[in-house]
Amino acid sequence: MSITAKSQDWLQQSEALEKLSATELLEWAFKIFYPRITLACSFQAEESVLIDMMHAVRGSDFRIFTLDTGRLNQETYDCMDAIRQRYGIHIEVFFPDASQVESMVRNYGLNLFYKSVDLRKMCCGIRKVEPLNRALKGLDAWITGLRREQAVTRGAVRKVEIDKDHGGIVKLNPLADWSDRQVWDYIHENHLPYNKLHDQGYPSIGCAPCTRAIKPAEDVRAGRWWWETPESKECGLHAASIAKEAVKTVTGEEKNGTGQIAPHGGRLINRVLVGQEQEETLAKSGELKKIALNARTLSDLELLAVGAFSPLEGFMGRKDYERVVNEMRLSSGLLWTLPLTLAVSSDEAKELREGEEIALLDSSGEVVAVFFLEEKYGYDKKEEAWKVYRTDEDKHPGVWYLYQRGNTLLGGKISLVRRPSLLSGFEAYKLDPAETRAIFKQRGWRTVVGFQTRNPIHRSHEYIQKSALELMDGLLIHPLVGKTKLDDIPSEVRLRCYEVLIEHYFPKERTLLSVFPGAMRYAGPREAVFHAIVRKNYGCTHFIVGRDAAGIGGYYGPYEAWDLFALFKRDDLDITPLFFAEAFYCRKCDAVASAKTCPHESRHHVALSGTRVRELLQVGDPLPPEFTRPEVGEILGEWSRGQFNDQ
Ligand code: SF4
């Protein structure tokens, strides 16, 4: 059997293998693959743990190799020697091809990596990836210290993977589910030798010119290629095809197509605790003061934690809040149009001290997060209503909600310990920004248009989406399933409509349906811009802005959102808005069209308002097929009959 076929066998067992502990997985791997298995070691903390475990399983009888790029720190060589001595093992050292290094340095200089991502990847390709390919030649499996917690690019790492970049051999990541704390507890408890750069604030270690110590609040990979955005931060050892393509690019070969839009502010936030940190935080939460969250704040909390609201890491403090309300910018100057706040009553606020941790609870009283209270501050609800919603009428649902809130706002970061549950049937469609980004990358979509909706998709919406898809690689249908107003069609009914529509009328390989568990504010133009920024965090490069986007009841002009987008510079937003006028079915054109494309009078047009749709459904009349696909009309009719009969 070929190695690829054998690998597929192991992949079949992947779910069972995922449950093995690190040592159990190593024992299994040695039984199957020895002697054609090796550990890739760059002398980071994880590899100290793995070497100790491998030594416990096989004594000194295992293979380990390292890549000497020629740019390593002295501490790394010291660690290599300490490990050799302690375990009495031989470490194979692979060097880059001297002629390639000479040619690269001659053409681009010694410090080429600071000049562009492509040149950095070229350097990694020559100094790391090519020697790695030699090191793995003829092997059936390799072991790495990758962990999911390490970076946004590693969130989907599994314990057993097929490494297509190296001929379909097996790649084992025994510590995939370990937390940083677990790694260090193991090292200290067993007095293992480790790279002393870790004591100097280097959580991740690579070449000297490309690695720096990090500051206390920074992400663990923030010190690697710190001048780049998080998504490009792989050297190619674990995404070899990327580095190979980059080498081709700078050498004048085919252009690599893996670039993605950067999250807002440059970094995808992840405030979801896992492993031991999660357990410890949950354990201590019993002692903390508590705040119960309503459905809207709960959804804000989850979206903050998974990075949908990057760069925010928690609820806004006073400076951010005031600047957003007044100028639509965070205190850093970054464009941001809606306040994201946590409100409590004045009585509740009196019990809370700035600087303390507070447990946040869901509606069943379960702890979902810990909140680090940095500041308490008062706010003017009328002013927020006027500036954000442009009305102070409590008939407006966003303003009504604002008036119900407590009088004190709490600002500070959050850490999520438990994911709030969704309506059943929605889980399969719930994807975090890191996951949609990974899917876009895997599908090779360089341009992705996002479509925000809180309504069923009628023919006019389908026309707009497909018009956009003519120009883009992929379409993200991203219906909002958080809190909406009571007379909106329920999320579960809408989801069935999306499913049936995609099943029958959309190209599945170019369409992704995923739910967005956010709440509607109905803040019109400001919310339309907010929706675009959020979809950028999910990896969309373009965003559809239609008629009366995020508006309600005549509070905003039908195309006012377009005007607001036009106020901002391209660099402010980065994601490109695609403006679509209202579409309708024209009986004369015999097609869906808009005022831009149809020359006929409105009497030939079929366009129904939401109110008219509800009236037809209530009396049991079918929706015209020119307006709604029959499959969607059937689902809406069925739901409406149920509603009617229940009354
Ligand atoms: Fe070159 Fe820096 Fe990559 Fe090392 S980490 S191979 S020095 S670009």
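The values are calculated or read from the model by the stated rules, or taken from the named source; none is laboratory data. Values in this document were obtained by computation on a predicted structure and should not be read as measured data. Note: ideal-geometry Cβ built from the backbone for every residue, glycine included; neighbour counts use all protein chains shown. Areas reflect the complete protein model, heavy atoms only, side chains present, ligands, DNA and RNA absent. Shrake-Rupley method; radii C 1.70, N 1.55, O 1.52, S 1.80 Å.
Please work out if CYS207 is at pLDDT 90 or above, within 16 Å of the ligand (Cβ to nearest atom), open to solvent by less than 50 Å² (accessible area, probe 1.4 Å) and within 19 Å of GLY125 (Cα to Cα).
Working: at pLDDT 90 or above: yes; within 16 Å of the ligand (Cβ to nearest atom): yes; open to solvent by less than 50 Å² (accessible area, probe 1.4 Å): yes; within 19 Å of GLY125 (Cα to Cα): yes.
Judged against the criteria, CYS207 is a match.
Given region 89-203, what strands (runs of 3 or more DSSP E) lie entirely inside it while holding 1 or more residues that are open to solvent by less than 50 Å² (accessible area, probe 1.4 Å) and within 16 Å of the ligand (Cβ to nearest atom)? Please lay out each step first, then the result.
On the way: elements: 92-94, 141-143, 160-163, 169-172.
Counting at least 1 such residues, we get 92-94.
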All but one of (1) modelled with pLDDT of 95 or more; (2) buried (at least 19 other Cβ atoms within 10 Å of the Cβ); (3) within 15 Å of the ligand (Cβ to nearest atom) hold for ASP68; which doesn't?
-> (2)
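Please verify whether THR258 is open to solvent by 40 Å² or more (accessible area, probe 1.4 Å), within 16 Å of the ligand (Cβ to nearest atom) and at pLDDT below 90, treating the condition exactly as stated. Explain how you work it out, then say what you get.
Working: open to solvent by 40 Å² or more (accessible area, probe 1.4 Å): yes; within 16 Å of the ligand (Cβ to nearest atom): no; at pLDDT below 90: yes.
No.
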Looking at region 231-250, is at least one residue buried (at least 20 other Cβ atoms within 10 Å of the Cβ), at pLDDT below 85, away from the ligand (no atom under 16 Å from the Cβ) and outside any loop (DSSP other than H, G, I, E, B)?
-> yes
If TRP226 passes every condition in (1) under 21 Å from LEU67 (Cα atoms); (2) within 16 Å of the ligand (Cβ to nearest atom) but one, which one does it miss?
-> (1)
Within region 425-520, which strands (runs of 3 or more DSSP E) (wholly inside it) include 1 or more residues that are crowded, with 22+ Cβ neighbours inside 10 Å and not hydrophobic (A, V, I, L, M, F, W, C)?
-> 448-453, 474-479
Do the conditions hold for LEU72, that is, is it out of contact with any Ser or Thr (no Cβ under 8 Å at 6 or more places or on another chain), among the hydrophobic types (A, V, I, L, M, F, W, C) and assigned to a loop (DSSP other than H, G, I, E, B)?
-> yes
Close pairs (8 angstrom Cβ cut-off, 6 or more residues apart or separate chains): more than 20 Å from ALA292 (Cβ to Cβ) in region 396-412, small (Gly, Ala, Ser) and part of a loop (DSSP other than H, G, I, E, B) anywhere = HIS396/GLY553; GLY398/ALA523
Residue pairs within 7 Å by beta carbon, gap of at least six or interchain, first lying in region 560-585 and without any contact (Cβ under 8 Å) to a residue 60 or more places away in the chain, second open to solvent by 30 Å² or more (accessible area, probe 1.4 Å) and in a helix (DSSP H, G or I), listed first then second, are PHE579/TRP562
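For residues that are charged (D, E, K, R) and out of contact with any Pro (no Cβ under 9 Å at 6 or more places or on another chain), scanning just region 521-536, find the one that is most open to solvent (accessible area, probe 1.4 Å). Spell out the reasoning first.
Within region 521-536, the first condition is being charged (D, E, K, R), and the residues that meet it are 521, 526-527, 535-536.
After this cut, where a residue has to be out of contact with any Pro (no Cβ under 9 Å at 6 or more places or on another chain) as well, the list is 526-527, 535.
Values: ARG526: 20, GLU527: 0, ARG535: 0 Å².
Restricting to residues being charged (D, E, K, R) and out of contact with any Pro (no Cβ under 9 Å at 6 or more places or on another chain), the top hit is ARG526.
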